[in-house]
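Read the structure below first, then the notes.
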Amino acid sequence: MADGAVPRFWREIPQRYNLIGNQCGSCSKIYFPPRESCPYCRRKSMGKMKVLKLKGQGEVLTYSIIYNAPEHFERQTPYPIAIIKLDEGPKVTAQIVDCKLDDVKIGMRVQSTFRKIHEDGYIGAIYYGYKFKPIEVK
Amino acid sequence: MKDVGIVSYGAHIPRLRIKSSDIANAWGKNPETITSSLGVIEKSVPSPDQDVATISVEAARAALARCNIDPQDIGAVYVGSESHPYAVKPTGTIVGEAISATPILKVADYEFACKAGTAAIQTCMALVKSEMVDYGIAIGADTSQAAPGDALEYAASAGGAAFIIGREKIIANINETCSFTTDTPDFWRREGRKYPAHGGRFTGAPAYFRHVISNAQNLMGSANSKPEDYNYAVFHQPNGKFPLRVAKMLGFTPDQVKQGLLCPIIGNTYSGSTMLGLASVLDIAEPGNRIFVASYGSGAGSDAFDITVTEFIKEFPHEKAPLVSELIEKKQYVDYSTYAKYRDLLYED
């Protein structure tokens, strides 16, 4: 990650660690990542955006298996990355972990887990955040 | 004196495993000799995106899922490990943030080889007893290091457990605790070095056995108890053999040790070792059960605990987080080359 990324990451810790989004106080739409104002209600939502912690459960809408990874992720290939529709509505892009490649399926129920996203070489900061794993049916 | 004890607990073990026989084959050793002499069949392996912070967070979240404690009522987080992701920047800050316990929070990282987690329990006990905090979380977790080809490589594994210590609705009362510490250089890792070094056979009699036995006897002396008074006994498990041998020397039976003995199937989780053993016992313990616990940390020291399970274990929602046995069952094997890549054993300029 380039210089200047540490403060940016630090500002986003609540959403990266705990999926903290927000909800429009006017139309009740839920946003993740949180928005300053609701794009539908605009002025009516100003000052009415309420902090909301998402439960971290949802389903896989679509996914892809990454063989040619970007920097910092090379050691993990091949790995699945998915668009997940959270139960509260927002969609997030995240890695799927603790799951064999063949077992990743569209519609699969997943839950968030706390993982290392990447580290800035051997000297820089370590960035943590959410990934998703299958919900085990007991 | 106020009661103090375990209010909730949670565990985490990475899903990946490597068989001892695969490690032995990679180094041209006889797999059967290695497996039988160490008593370790396979061990857990952290994936590249798992470290002590992620294991600690998962264990702490599991503990919180099993109780109704507002994270803001947690006054202290102490994380014991010898593989903290940062040399300088506490793992506890990451855990505190990830469980929403910040910012009015006491935090420090501990290191005492394999007993830093039990040292964290003692600190939380003192803070809770003195009413400096309502609840404290003590975590022991490791992604332990072993040089390629070293004997440690067969056992050094990853995992951890978190215990919420408090005064109310205690599922297990901690009746007594004591420690035994000396300057014994049996195992160490120098500042800035990637892998630890050890004194080979010196890690046995003057180190593990002397400290665990002395401390265990001291605890039973002050608790006025005998080995047969306990339903379960949990010892630090650097391999599959030491805990059984020390148990026998002290007068405990293999049956008392069995439930808390995880090293043969997950390896030595270092600071997580005794903690996971205790978590495994609490997964099945019943009211009135008495548990003997003795950790060991090289360097060297031992922390021992005399614990009695209370009636609150009956309504304790174990099912809200994975049992230790479930974490052990969920596994996926990797071969030695994948292990080497994931554990950063390959040379990279």
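Read-outs: derived from the displayed coordinates by stated rules, not from any lab. Because the structure is a prediction, the values reported are computed rather than measured. Don't worry about glycine lacking a Cβ; one is built from the backbone with ideal geometry, like all the others, and counts go over all protein chains shown.
When +1 charges are put on Lys and Arg Cβ atoms and -1 charges on Asp and Glu Cβ atoms, the dipole computed for the protein assembly as shown relative to its Cα centre reaches about 1200 debye. Legend: distances between Cα atoms for A:Lys116/B:Lys258; A:Lys133/B:Lys19; A:Lys105/B:Lys331; pairs beyond 28 Å are A:Lys116/B:Lys258.
Kindly point out which whole DSSP H helices in chain B project their C-alpha atoms 30 angstrom or further along the helix axis while averaging a Kyte-Doolittle hydropathy of -0.5 or above. Could you put the intermediate results ahead of the total?
Values: long enough: none.
The qualifying helices: there are none.
Straight Cα distances below 16 angstrom link A:Lys91 to the aspartates and glutamates A:Glu59, with same-chain residues fewer than 8 positions distant left out.
Computed over chain B, the per-residue total of -39500 (n - 2.57) for DSSP H runs of n ≥ 4 gives a 222 nm mean residue ellipticity of -8500 deg cm²/dmol, rounded to 500.
For the pair the range B:32-66 / the range B:130-168, the C-alpha centres are spaced 10 Å from each other.
Using the Kirkwood radius over Cα pairs, work out the Stokes-Einstein diffusion coefficient for the protein assembly as shown at 20 °C and 1.002 mPa s, in µm²/s as a whole number.
Answer, rounded: 92 µm²/s.
Take every Cα pair under 8 Å whose residues are at least 6 apart in sequence, average their separation, divide by the length of chain B, and the relative contact order is 25 percent. Cross-link partners for B:Lys248 among the aspartates and glutamates, with Cα-Cα distance under 14 Å and sequence neighbours closer than 8 places in the same chain left out: B:Glu228. For B:Lys129, the aspartates and glutamates whose Cα comes closer than 19 Å to its Cα, not counting residues fewer than 8 places off in the same chain, are B:Asp3, B:Asp73, B:Glu168, B:Glu176, B:Asp303, B:Asp306.
Please give me, ordered by residue number, the GluC sites (Glu not before Pro) of the range B:298-331 that lie in loop per DSSP and have at most 16 other Cβ atoms within 10 Å.
On the way: sites: B:Glu311, B:Glu315, B:Glu319, B:Glu326, B:Glu329; in loops: B:Glu315.
Passing sites in the range B:298-331 are B:Glu315.
For the range B:224-232, 3J(HN,Hα) computed residue by residue from phi via the Karplus equation (6.51, -1.76, 1.60; θ = phi - 60°) reads 6, 10, 10, x, 6, 6, 9, 7, 9 Hz, glycine and proline entered as x. In the range A:32-138, which chymotrypsin sites (Phe, Trp or Tyr not before Pro) fall in coil by DSSP and have 14 or fewer other Cβ atoms within 10 Å? Qualifying residues, ordered by number: A:Tyr40, A:Tyr67, A:Tyr122.
Which links in B:Lys115/B:Lys241; B:Lys106/B:Lys320; A:Lys29/A:Lys100 stretch past 23 Å when you go from one Cα to the other? Listed pairs above 23 Å: B:Lys106/B:Lys320; A:Lys29/A:Lys100. The amide H of B:Lys115, built 1.01 Å from its N in the peptide plane, has B:Gly297, B:Ser298 as neighbours under 5 Å, considering only residues 5 or more places off or on other chains. Ranked by the mean number of other Cβ atoms within 10 Å of their residues, highest first, the peptides B:132-143, B:92-103 come out as B:132-143, B:92-103.
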